Structure formats: C-alpha cells, structure tokens
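A short reminder: the numbers here are calculations on the coordinates, not readings from a lab. Please read these numbers as outputs of a predicted model, since none were measured by experiment. With ideal geometry, Cβ positions are generated from the backbone for all residues, glycine too; neighbour counts draw on all protein chains shown.
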Amino acid sequence: MENNNKIKVLIPTDFSIEAEYAFLMVNNLSKKANMEVTFLHILNVPDTVTLGLDNTISTCGEIDVNFVEVQRSMALSKLAELKERNPSVKTDLIFGHTTTGIIRYAEENNFDLIALGTKGTSGLAERFIGSNAQLIARKSDIPVLTLMCDRSGLELKDILLVHNFEENEFQNLKLMKRIIDIFDTKLHFLQIASKSDDENQIKENMAVFAQKNDLVSYETHVIHDHNIEDGINHFMESHDMDIICIGTHGKGGIFHKSATETLINHLYKPIISYKIK
C-alpha cells in the first residue's frame, strides 16, 4: 500500500454488465475506504499491431489499420462515457492479450487490487478454456476480487479466510488486513478437513498462522467435507459471510484443478484471491 493508505483498484472492462458489477461494489466500498479506481480496456490484437507515441497504429499488413482504428475509437468513446458518469475515475486503453495485459499493467502501475466481474464457466469451457477471471487469479501476484452479480449494497461485516492451516507461514495479507481495519470487519478462519484430520491440531495450526501473520482477533471453524467447494457451500448455509479470502498456488489448468479457480467460477459471493508464497 502507499503511504497515504490509498487503495489503487484496477477494473478491467469490456463494457459488460459484469464489469459494471465490479465498479458498483468498489464504488460502494470507497464510501469508507480511500480508493483510486482505474478502468482499463484492452484491445485484444496480435503483438504485430502497435500504437506509437503519436497514437499512430502500425501493423505488419495482416490486419487492416482502419479496422483497428475503428475499434480503438469505439472503445475510447465508451471509456469517455464512463469517465463522464464517474468523474473521479481514471481510464486507459492498451493493445495486447487480455490476461497478460491486465496483469502486466497492474504490476507496472503498482495497483493493490484487480477487481473483476465474471460470468463464470462450466463444463468443457471451464476445463479447457477457463474464464479470464480465473486465469488472472492464477497468474497475478496482486490480489484479485471477483464477483458474479450486483453487490453494490454489500456491508463488510464478516470476512472468511479459507486456508489449509498446515501451511502456516507468513502470507501477503496486507489488503485483507486493510479491509478489516477500515470496515471493522470480523475475521473468520475456516479449514475444510477430512474425517481423519485432528480438529485440535488444525486449531493449533490456526493459532500459529495468526501469530506469524499478526492477526489478533478471529474466530476458528473446521468443517469436514470431501472437497473445498462443497465444504464452503455447506458452511455458508449456517454462516452468512460477506466476502471470502482464499489463496492460490497458481497451478490451475487442464491437469491441476484449483479449488480457488473453481470457486471463482461457481460461488455467488465476492472472492478475494491472493498468491500463496
């Protein structure tokens, strides 16, 4: 975070309702938190298409320059409309690949959070393609907020940190701590355990994790279930959490199923994912 405690939030936009959901939630949170919001649109073009310092578009011939210029002008017009409706936000447009472009832009400009609306995916689309949201969460070292519906009225009273607390080393939880501090949010620890796991040992691991990460006030929960997604859903049936915080090892894909990415695509609760060290 910057010294002035400003939270820099990047909202990638394709001008869809899902991107609007991300802004509505962030805008609501900004009533209490000092947030600087930037809308970023990426014109998804090959690397051979470049934009010069004088805003001149160049290609190597396989793509019509006029076509790219029309697409760019349309996007700039929509960004101007966003700026007109929300004067406090910043806007930008870049050329490149959607996923890598968002991550690179966020890192180069020192953002604290990437906020994404997502449609979610299922079936073959999830397994072989995946949503941009889950790919960004997999690869980004910056925390990623994802949501699938309008959360503009959300009050952050309870935050659920889902983790395997055997991994109790120090983690980058600066953003979560900032949220807790600003909104006076109650922190809950949850581990989804198998029937053979020792619940007392899990709670001891939670205490070690809390000490190493300078977390003082929290409630502990252990639920026995056969996978993380089902465990969280069952837990949420009796506990009304407002937002879920969960780490990812960044190993999702065809041959490695990531619980975090599954939740991003299926869970109708806002999720903040962070890269586990």
- Kindly write out, for the stretch 202-207 in residue order, the coupling ³J(HN,Hα) from the Karplus curve 6.51 cos²θ - 1.76 cosθ + 1.60 (θ = phi - 60°), rounded to whole Hz, with x marking Gly and Pro. 4, 5, 5, 4, 4, 5
- Determine, at each q value in 0.17 (inverse angstroms), the log₁₀ of I(q)/I(0) that the Debye formula gives when each Cα of the stretch 143-183 is one equal point scatterer. -0.64
- Message: I'd like to compare 148-158, 6-16, 92-102: which one has the highest average count of other Cβ atoms within 10 Å, and what's the full order after that?
- Response: 6-16, 92-102, 148-158
- Task: Quickly work out the LEU76-to-THR100 label distance, labels modelled 7 Å from Cα along the C-beta direction, and quote it in nm with one decimal.
- Result: 2.6
- Query: Tell me, in nm to one decimal, what length is gained between LYS6 and ASP92 on full extension, where the rule is 0.36 nm per residue of separation less the Cα-Cα distance?
  - Reply: 29.0 nm
- Item | Phi-based couplings in Hz for the stretch 187-195 (Karplus 6.51, -1.76, 1.60; Gly and Pro marked x) | 9, 10, 9, 9, 10, 8, 10, 8, 4
- Message: Could you work out the relative contact order of the stretch 73-209? I mean the mean sequence separation of Cα pairs under 8 Å and 6+ apart, divided by the number of residues, in percent.
- Response: 19
- Note on the structure: Of the stretch 138-180, those with amide N under 14 Å from the point 7 Å along the Cα→Cβ vector of GLU204 are 166
- Calculated FRET value between ILE182 and ASP150, using beta carbons and R₀ = 30 Å, to 0.05: 0.85
- Task: Please give the net charge around ASN168, taking every other residue with its beta carbon less than 10 angstrom from that of ASN168, where Lys and Arg add +1 and Asp and Glu add -1.
- Result: -3
